[in-house]
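Beneath this line is the structure, given in structure tokens, with notes to follow.
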Amino acid sequence: MRRCLSLISWAVLCCCSWTVQAEVFTSIGQMTDLIYTEKELVKSLKEYIKAEETKLAAVKSWANRLDILTKVSTSDPEGFLGHPVNAYKLMKRLNTEWTELENLVLQDPSDGFISNMSAHKQYLPDEEDEKGAAKALMRLQDTYKLDSESFSKGKLPGVHSNVTLSADDCFDMGRIAYNDGDYYHAVLWFQQALRQLDEGEEGTATKADTLDYLSYSVYQMEDLTRAIELTRRLVAIDSSHERAGSNLRYFEKLLFKQRMEEPASEEPASEEPIQLDTYARPRDHLPEREAYEALCRGEGLQMTTARRSRLHCRYQDGNRNPRLLLKPMKEEDEWDSPRIVRYLEAMTHQEIERIKELAKPKLERATVRDPKTGVLTTAPYRVSKSAWLEAEDDPVIQRVNQRIQDITGLTVETAELLQVANYGVGGQYEPHFDFSRKDEPDAFKRLGTGNRVATFLNYMSDVEAGGATVFPDFGASIQPRKGTAVFWYNLFKSGEGDYRTRHAACPVLVGSKWVSNKWIHERGQEFLRPCGLTEVD
């Protein structure tokens, strides 16, 4: 195929390598393998326990038998040994049977379990995976405004679950944030760990450990009065704590200086529990953060009733395309300007399952191109795994490509390969453009097919909570619906970019999100979508 060698180019240019041990959490599709791995390890562990129990039972039986025998022999040693059989059996036991017992005790039934563990270890998550999964929970916490207590009790929007976080789990979450210099989340999770410990829950982490981390994290959030109150509580619990005393003196000295400089600002320490809104969340690189996350929660801008009344549904036959005449597509308007439409029954269940089957072995952590260096790298704003499928891979890919061409009326001859993506725990893609902007004129130069004129996005799964596709500029929020697809133009007819199409994939709160998309390019569309008379036609 003439485009097969440009697969690497597409990965470099799409703006959109993982080893088996890194970033496992980015794909639910591949994480399912870990479920079966854990099941096999549990089976191996049970076999080890059974072997240990068998061994211990044999040793106990031997000990009980000898205990009875030695009580008899020690009551009258000479009389006992006066019987030749007893003398012989004593020699035999001490020479042979005790050696056999020694060998039995030295046997290690754990060999099979250890061997099994070693075989699977290369596929198990590592420290970076655990850290990534923790950060994913914090991302969900921020986006959907979930307090740590709700998380710890398994209370997620629209989901009833018995899955809970222990005090130790919360402590570990806090420590991951703390070690990353993220004191905002460290405070929230150490506070929850302390709350659960105060309620009587037992854990490896002590109240003193938790207060130590919490007080310093609160200090980093510039809440001196509360930091002092928490440190005093730590001193009351453990007066010999190596840091508590010096921290307390340091905090009190800072507070005294602060009060001397600004007497009017003196406030007593708050006794209210620390909540999501107690401290201001640090700002980051994303200017539309609040608008984006509000849309993910189903809030934010809404289309007026008058505009919504102009949205319609219809049958679409692709301008009397022979393949759509007998069974036209069901088309629904999702937004009027820029126009976004949804197609129902765009893919069958069988097609979806086949595409997932083809993609799973090829899934790799999605990368983005660094605009400064041009180097491919992973980024926290795109957390998913993706694979690229060619028409030659399977007839179903050819069929889907043909359907996209029939529906849109655009040629896919110059389009990129079908990209399949799977979003795992907290999987997201923050606001971005699909097309290249004027400050990156060479983005698609190597492809030789021009800019990305349009995006066709297939939803290949329902998502229990989260995972919407949102457009912060004008407030559209499109929910994933399995088997449907959405379509929009990234460029005006003039070839100018439509900056309103900046969009995002909201973090998946509960569920597994599968999508596939086709990026359609300018070349070949000259007579299918002629230029407009103005820049914004």
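Tabulated data
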| read-out | value |
| --- | --- |
| Hey, residue 485 closer than 30 Å to residue 509 by Cα and open to solvent by less than 10 Å² (accessible area, probe 1.4 Å) or not | yes |
| Failed criterion for residue 108 (all others in (1) more than 30 Å from residue 384 (Cβ to Cβ); (2) in a helix (DSSP H, G or I) hold) | (2) |
| Subset of segment 134-149 (residues that are open to solvent by 30 Å² or more (accessible area, probe 1.4 Å) and in a helix (DSSP H, G or I)) | 135, 137, 139, 149 |
| Residue among 193, 186, 177, 205 that alone is among the aliphatic types (A, V, I, L, M), in contact with a Phe, Trp or Tyr (Cβ under 9 Å, 6 or more places away or on another chain) and at pLDDT below 95 | 205 |
| Filter pass, residue 113 being open to solvent by less than 100 Å² (accessible area, probe 1.4 Å) and under 57 Å from the mean Cα position of the chain (by Cα) | yes |
| Test: residue in segment 3-24 that is open to solvent by 50 Å² or more (accessible area, probe 1.4 Å) and modelled with pLDDT of 75 or more | no |
| Out of 81, 94, sole residue that is over 30 Å from residue 31 (Cα atoms), at pLDDT below 85 and surrounded by 12 or more Cβ atoms within 10 Å (Cβ to Cβ) | 81 |
| Output for segment 278-306, where each listed residue is more than 24 Å from the chain's Cα centre (by Cα) and either aliphatic (A, V, I, L, M) or within 22 Å of residue 227 (Cβ to Cβ) (or both) | 278, 279, 280, 301, 303, 306 |
| Residues being over 17 Å from residue 347 (Cα atoms) and either more than 21 Å from the chain's Cα centre (by Cα) or among the hydroxyl-bearing types (Ser, Thr, Tyr) (or both) - total across segment 443-465 | 12 |
| Identity of the residue in segment 418-442, modelled with pLDDT of 90 or more, surrounded by 23 or more Cβ atoms within 10 Å (Cβ to Cβ) and among the hydrophobic types (A, V, I, L, M, F, W, C), that ends up farthest from the chain's Cα centre (by Cα) | 435 |
| For residue 125: the one exception among (1) more than 30 Å from residue 32 (Cβ to Cβ); (2) open to solvent by 60 Å² or more (accessible area, probe 1.4 Å); (3) of a type outside the set (Gly, Ala, Ser) | (1) |
| Near pairs, Cβ below 8 angstrom, 6+ apart or cross-chain, from segment 310-327 (closer than 19 Å to residue 410 by Cα) to any residue that is basic (Lys, Arg) and open to solvent by less than 100 Å² (accessible area, probe 1.4 Å) | 315/330; 316/330; 323/403 |
| Cβ pairs under 6 Å, 6+ apart, first in segment 291-303 and of a type in the set (Ser, Thr, Tyr), second outside any helix (DSSP H, G or I) | 292/431; 292/472; 292/504 |
| Test: residue in segment 155-169 that is under 17 Å from the mean Cα position of the chain (by Cα) and not in a loop (DSSP other than H, G, I, E, B) | yes |
| Scope segment 307-340; condition of a type in the set (Phe, Trp, Tyr) and within 37 Å of the chain's Cα centre (by Cα); matching residues | 335 |
| Test for residue 510: is it under 29 Å from residue 142 (Cβ atoms) and surrounded by fewer than 20 Cβ atoms within 10 Å (Cβ to Cβ) | yes |
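Conditions (1) surrounded by fewer than 20 Cβ atoms within 10 Å (Cβ to Cβ); (2) at pLDDT 95 or above, marked per residue:
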{"site": "355", "(1), (2)": "no, yes"}
{"site": "360", "(1), (2)": "yes, no"}
{"site": "373", "(1), (2)": "yes, no"}
{"site": "392", "(1), (2)": "yes, yes"}
{"site": "408", "(1), (2)": "no, yes"}
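The values are calculated or read from the model by the stated rules, or taken from the named source; none is laboratory data. Values in this document were obtained by computation on a predicted structure and should not be read as measured data. Here the Cβ is made from the backbone with ideal geometry for all residues, glycine too, and neighbour counts use every protein chain on show. Only protein heavy atoms, including side chains, enter the accessible area calculation; ligands, DNA and RNA are left aside. Shrake-Rupley method; radii C 1.70, N 1.55, O 1.52, S 1.80 Å.
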